[in-house]
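Following: one structure in structure tokens, then a few remarks.
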Amino acid sequence: MSVSSPSEAVEAVEAVHSGPGGEPVLTVDGLHITVAGGRAEAVRDVAFTVHAGEAVGVVGESGSGKTLTCRSLLGVLPPGCEVSAGSAVLAGDGGAVTELTALDRRQWERLRGAELGAVFQDPASYLNPALTVGRQLAEPLRVRLGMTRARARERAVELFASVGLREPAQVYHRYPHELSGGMLQRVLIAIAVACDPRLLVADEATTALDTVVQAEVLDLLARLRDERGLALLLVTHDLAVVAEVTDRVLVFYAGEIVEDGPTQDVVHRPAHPYTAALLRVASLGDWNRRELAVIPGRPPEAGQAPPGCRFADRCDFAEDRCRTAPIPLTRTPGGRRVRCVRAAELTPILTAPPEEVPA
């Protein structure tokens, strides 16, 4: 459903989320997602914005709610999952906005590929094995943009070249099984940006690729963002990817955002113990480390969250006050948002080398 101007809720969220200078493209406010037919809550009170030309990373362990959040923005939640509350607004041309949580199947079909693009892990599973990749790219150009068959084919070859595929005219006639994983991912990116969407969601788009191909795909996404002014939402478990590509990062834990801030600030000066634990596990930039770090314990199951901080049982710094009541996501003097009652005092400790951290 489209409306002519943002709602008061959108304006309220935008007032506390600053971007890199571009206009807001996506505004999420108070999003809740339930699973198991509504019996358990997997995502709670998620709010963030993504601006034009901005790349936002979404990180967290498996089951943290990051993928469910992003799939809700694409209308592709798994069976049994649904948005139970909140708003997700996509800004369009001419000042109109679309409330994503209110769309039906036909409205989603018109929006996906036009205003919203998506790239997922394992691209072969999203391509039709019985059709050439060129035909699969040319079809949305004809249907959505009204191109002739000849112009759509010409434009498809141009798009294959723009995403770095060699001999794009030959690639046009290839079937998915004839291409490597890296080539298929480039094909999927070409399809995703073919109709010039405003927002591109990349969900673990480089996970199954080798290191060299992964770097090439990340460079491609960064270039397309710069050239097209794309808003990019990048879901990944790899903090090295986040550090290289994104402007801002959202750290998810047990269905909540626990930290949100500029990527370099979060990576080099974490304010939440869970963010610091993720960085230790990743050993970002510490290529000489030989011991494997782990985060002890397990995240709570959906619907079984403790009354206080959801990370308290795994946190070395938890106190009684961390376990008694829900912890709000508060804004720090530096402009970050952190869900920790001890954030101000812990930041210097979390940033210190391990040998300097008090026992």
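Derivation of every value follows stated rules applied to the coordinates shown; laboratory data play no part. Keep in mind that what you see is a predicted model, and the values were worked out from it rather than measured. Ideal geometry is used to build each Cβ from the backbone, glycine not excepted, and the neighbour counts take in all protein chains shown.
In the chain, with Lys and Arg counted as +1 and Asp and Glu as -1 at Cβ, which of these residues, Val76, Ala130, Ala325, has the Cα nearest the positive end of the dipole, that is, farthest along it? About the Cα centre, the residue reaching furthest to the positive side is Ala130. In this structure the amide hydrogen of Tyr253, modeled in the peptide plane, comes within under 5 Å of the amide hydrogens of Val258, none closer than 5 places in sequence on its chain.
In a reduced charge model with +1 at each Lys and Arg Cβ and -1 at each Asp and Glu Cβ, the stretch 121-196 shows a dipole moment near 240 debye about its Cα centre.
Taken over the chain, the percentage of Cα pairs per 10 Å bin, counting from 0 up to the bin with the maximum distance, is 5, 24, 32, 24, 11, 3, 0. For the chain, the Cβ-based charge dipole about the Cα centre amounts to some 840 debye (Lys, Arg positive; Asp, Glu negative; other atoms uncharged). Any idea how far the Cα center of the stretch 292-328 sits from the one of the stretch 69-83, in Å? Between the Cα centre of the stretch 292-328 and that of the stretch 69-83, the gap is 26 Å.
At an R0 of 35 angstrom, the distance between the Cβ atoms of Arg331 and Ala96 translates into a FRET efficiency of 0.70. Phi-derived couplings, Karplus 6.51 cos²θ - 1.76 cosθ + 1.60 at θ = phi - 60°, listed residue by residue for the stretch 79-90: x, x, 10, 7, 6, 9, 6, x, 9, 9, 10, 9 Hz, with x used for Gly and Pro. This ranking places His177, His237, His51, His268 by how few other beta-carbon atoms lie within 10 Å of each, fewest first, which gives His177, His268, His237, His51.
Here the Karplus curve 6.51 cos²θ - 1.76 cosθ + 1.60, taken at θ = phi - 60°, turns the phi angles of the stretch 180-194 into couplings of 6, x, x, 5, 5, 5, 5, 4, 5, 5, 4, 5, 5, 9, 4 Hz, with x standing for Gly and Pro. Between the stretch 228-270 and the stretch 34-56, the C-alpha centres lie 14 angstrom from each other.
Expressed to the nearest 5 percent, the antiparallel share of DSSP beta bridges inside the stretch 180-269 is 55 percent. Between Arg321 and Ser180, the contour length at 0.36 nm per residue exceeds the alpha carbon distance by 45.5 nm. Take every DSSP beta bridge with both residues inside the chain and express the antiparallel ones as a percent of the total, to the nearest 5. Of those bridges, close to 60 percent are antiparallel. The residues Ile189, Ile295, when put in order of fewest to most other Cβ atoms within 10 Å, stand as Ile295, Ile189.
From the P(r) of the stretch 295-337, can you give the percent of Cα pairs sitting at distances over 14 Å? Within the stretch 295-337, distances greater than 14 Å cover 56 percent of Cα pairs. Amide H to amide H, with H built 1.01 Å from N, Val119 comes under 5 Å of Val201, Ala202, Asp203, counting only residues 5 or more places away or on other chains. Dimensions of the stretch 121-196 based on its C-alpha atoms, expressed as ranges along the principal axes with the largest first, amount to 30, 22, 22 Å.
Residue by residue, the stretch 104-114 carries 3J(HN,Hα) couplings of 9, 4, 5, 5, 4, 4, 6, 7, 5, x, 9 Hz when phi is fed to the Karplus relation 6.51 cos²θ - 1.76 cosθ + 1.60 (θ = phi - 60°); x denotes Gly or Pro.
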